[in-house]
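The values are calculated or read from the model by the stated rules, or taken from the named source; none is laboratory data. Treat the numbers as computed from the prediction; the structure is a model and nothing was measured. In this analysis, Cβ positions are derived from the backbone assuming ideal geometry, glycine residues included, and neighbour counts consider all displayed protein chains.
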Amino acid sequence: MKTLKSTLKPANLKPTVLALLAVFAVAGAGMAFYSPATQAADDKKAAAPKPALTVTVVKPSSARLPITLTANGNVAAWQEASVSSESNGLRLTEVRVNVGDVVKAGDVLAVFSADTVNADVAQAKAALLEAQANAADAVANAARARTLQDSGALSAQQISQYNTAEQTANARIASAQAALATQQLRLKYTKVVAPDSGVISARTATVGAVSAPGTELFRMIRQGRLEWRAEVVAQDLRSIVPGSTALVKAANGSETTGKVRMIAPTVDLQTRSALVYVDLPQNAGSKDAPFKAGMFASGKFELGSSEALTVPQQAIVVRDGFSFVFRLTPDNHVAQVKVQPGRRLGNRIEVVGGLKADTPVVLRGAGFLNDGDLVHVVAEQAATASK
């Protein structure tokens, strides 16, 4: 058997040694080119902090925002009219309207039986004719008596009796005329008419019923007018004046614009609030209108406008129930600033205190930052293009 020593000949070791020498030469050359300065630069680069997020910034801007006052209240009829029966002991034969019907002043709402009243009218007319006939005879007798006054054919007492009979007959005519007018008025009352234009809001009239005088048959919303009775606390009343505009929102989401008609002269002792009466449009009480009497509604009064410092809504971050913005420092760090949001206009929110007009704040990415984070700032156009 050949030994290991005999197998490792000088001819076989020469390529291996050359390869090892080449490797060592390359490593030495690399170490020669990698200077201490390059090492320090790499160490500094590795130690530099990395930005937490790439963001865009924006500065607050001034805008003119409307001044509004929010309130709640009920919708009610401007005025209600009670339509009652003026007939005594008559049977109701016809009801011509129902709840929700729109009527005009003078429209017939219900009809009572007029048979008895017509008979009384005829009797009163006959009594008037009788009184007129008796009066004609008495007038003629009194005229003849006065012509014989100077002749002595009739005594003064007889002449006086004829004159008295004439006056009595005329008085009976007046009485008969009054009785006839009363019966004609009863005949008129057999038809119940609308006292004003409006919308029927309640009905108690029933065909066949015998109603006593004063019994309410219908209730109506006069002229179809509704009003919003807003409850406003006492300290806010001074900012509302008659004629102010109010935007009222119904329970179904519909909105309409009303105008303040009056402010209640008293304040409720329990709630310390007063009613502000806001006239709604005339068609608000119609059958298909979104507002109904008795409905709850919210709204806001428009009290003018004022200058305000605003930021985009995206720049405000809500945490733990408070609102914050992130102010950009000169060294590209962010500082969390607590602000108080105010009025809103579109996608912009008023900032009340805590922020100056020339302070840059983070816009995109604000919701992912923490106080003191390092950020990389890019222009808004670049951020939009990178999406």
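The table below gives the values:
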{"item": "Selection from region 317-349 of residues that are assigned to a loop (DSSP other than H, G, I, E, B) and farther than 18 Å from Val377 by Cα", "result": "Asp320, Gly321, Gly346, Asn347"}
{"item": "Some residue of region 192-215 being assigned by TED's automatic domain parsing to the domain that holds Asp101 and basic (Lys, Arg)", "result": "yes"}
{"item": "Failed item in (1) in a loop (DSSP other than H, G, I, E, B); (2) of a type in the set (A, V, I, L, M); (3) modelled with pLDDT of 85 or more, with Met1 passing the rest", "result": "(3)"}
{"item": "Where Ala76 falls short, out of the listed (1) more than 18 Å from Thr204 (Cβ to Cβ); (2) surrounded by fewer than 16 Cβ atoms within 10 Å (Cβ to Cβ); (3) modelled with pLDDT of 85 or more", "result": "(2)"}
{"item": "Qualifying residue in region 280-298 (condition: assigned to a loop (DSSP other than H, G, I, E, B), at pLDDT 85 or above and in contact with a Lys or Arg (Cβ under 8 Å, 6 or more places away or on another chain))", "result": "yes"}
{"item": "Single unsatisfied condition, Glu86 versus (1) loosely packed, with under 15 Cβ neighbours inside 10 Å; (2) more than 30 Å from Met295 (Cβ to Cβ); (3) of a type in the set (Asp, Glu)", "result": "(1)"}
{"item": "Output for region 230-248, where each listed residue is surrounded by fewer than 17 Cβ atoms within 10 Å (Cβ to Cβ) and either in contact (Cβ under 8 Å) with a residue 24 or more places away in the chain or among the aromatic types (Phe, Trp, Tyr) (or both)", "result": "Glu231, Val233, Ala234, Asp236, Leu237, Ser239, Thr245, Leu247"}
